[in-house]
1. Filter region 162-193 for residues that are outside any loop (DSSP other than H, G, I, E, B) and closer than 18 Å to Thr216 by Cβ and give the result.
2. Mind counting the residues in region 322-358 that are under 19 Å from Arg310 (Cα atoms), crowded, with 19+ Cβ neighbours inside 10 Å and either touching a Cys at 6+ places or on another chain (Cβ under 7 Å) or of a type in the set (D, E, K, R) (or both)?
3. With the structure loaded, tell me whether Glu287 is surrounded by fewer than 16 Cβ atoms within 10 Å (Cβ to Cβ) and at pLDDT below 95 or whether it fails that test.
4. Pairs needed: first member in region 238-262, assigned to a helix (DSSP H, G or I); second member anywhere, among the basic types (Lys, Arg); C-beta distance under 8 Å; at least 6 residues apart or different chains.
5. Looking at this structure, is Arg166 over 22 Å from Pro126 (Cβ atoms) and of a type outside the set (Ser, Thr, Tyr)?
6. If I filter region 49-58 for residues that are at pLDDT 80 or above and within 30 Å of Ala344 (Cβ to Cβ), do I get at least one hit?
7. What are the pairs with Cβ atoms under 7 angstrom where one residue, in region 178-199, is hydrophobic (A, V, I, L, M, F, W, C) and the other, located anywhere, is assigned to a loop (DSSP other than H, G, I, E, B)? Sequence gap at least six, or different chains.
8. Write out, first by first residue and then by second, each pair whose Cβ atoms fall under 9 Å of each other, whose residues are 6+ apart or on separate chains, and whose first residue, in region 285-308, is on the phi < 0 side of the Ramachandran plot while the second is aromatic (Phe, Trp, Tyr) and assigned to a loop (DSSP other than H, G, I, E, B).
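The values are calculated or read from the model by the stated rules, or taken from the named source; none is laboratory data. Remember, it's a predicted structure, so these values are computed and weren't measured experimentally. Cβ: placed from backbone, ideal geometry, glycine included. Neighbour counts: every protein chain shown.
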Amino acid sequence: MSVPVTHIPGANQGQGRDAARAAAKLHGMAEALGVLRHRGPGERELAAEYAAEVLAHEVKPADWRRAGLPAPAGRADGVPVSHQAVLHLASTALSLRCSGLPAVQRADLWARLAALFGPVVTPGDPWLSRLRERILNARVDAEDTSPEVVDKLLGVYQRHARTEGRDAYLTSLARVNLAIAYCQRGTGTDLAEAVRLGGQEIQARADRYGPTHPVTLMARSLLVRCLIAQAEAADDQDERLRLAREAFDDADRVRAARDRLFGVISVNATLMRRYQGHALLLLGDMERARACLRHALAFDTARNGNQEWRGSGPTHLLLARVHRALGDRPSALVHARNAARLLATDAPGGPSHRAAEALLRELERRPGS
């Protein structure tokens, strides 16, 4: 997106040139820092702090702390807070900071940033619209499947499809988030609609990038997730097994591609191992499911500096189910407690957290009580 740099209201010509250069600097810095989103937590935190310092030195006074950014008030002769470059850099700074936080905290911080910019930018500003979409995306990550969230996601998807086309970049992002929301809610026709949207996304990305491109693999991973959710919900045993086998086979192909592209302990490759373990659980192959899920847990831990990773809650929940099926109640209890604890931090009250709490209550009951 281009940044207007020719005129800053309220400035004389010399001041306007200085402000224009400062705005261009902010925009360029946002683009440069954005590439660090996939670096380690230490680098992301340093980048977020640096971006916040730049906002304080180049932008007019604003209450950045209200939006969760550790920046002082700013300078009187700086770039106006309403400038798109400011919103762009602030969004990048918050994205870097949020990447290390639990999902429920991310949703709150994006809402606070939107509340700061809402009164000062043009209502139809595209950056503000994207910022409000980030709030919805964060709420989906926190497993918020309330009617308000799902309805707004549907509206965002329809708006992007209508104004930019069904295969446009922002339409693609909106379609993925809507499919995830349907998959998590899983009521009525939600799962069938999630699979339909996932299939559309695979086709759109394969046509544009090719079938083995990383972004196409992300869409294929989404479809695996949807197939597993369908298998979990299936009443017919044959249908459940068919869906689980399809999910396992697709996950295996995506996992092999991600191993080659990113390495075996990468987030993307490890996620597919978790999906494979889930599919094996539904297929009744508990020994292989346990081995697969143990690998996923070990890789998550290794990638996180041999420390427990907060995103391992779903893997612990699946391991608890596997150990319960194998008759190993003590191990099932350990994993259920870990699952409930981690999911309570990341997405409290979501479907996964509720499932972990229910399983924990079941396992803690004494036999015969």
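1. Step one: filter region 162-193 for residues outside any loop (DSSP other than H, G, I, E, B), giving 162-164, 169-185, 190-193.
Listed by number, the residues that qualify are Tyr169, Leu170, Thr171, Ser172, Leu173, Ala174, Arg175, Val176, Asn177, Ala179, Ile180.
2. 1
3. no
4. Asp250/Arg220; Arg253/Arg220; Val254/Arg220; Arg255/Arg273
5. Details: over 22 Å from Pro126 (Cβ atoms): no; of a type outside the set (Ser, Thr, Tyr): yes.
Spelling it out, it is not the case that Arg166 is over 22 Å from Pro126 (Cβ atoms) and of a type outside the set (Ser, Thr, Tyr).
6. yes
7. Going by the 7 Å Cβ cut-off, the qualifying pairs are Ala181/Thr145.
8. Pairs found: Leu297/Trp309; Asp300/Trp309; Thr301/Trp309; Arg303/Trp309.
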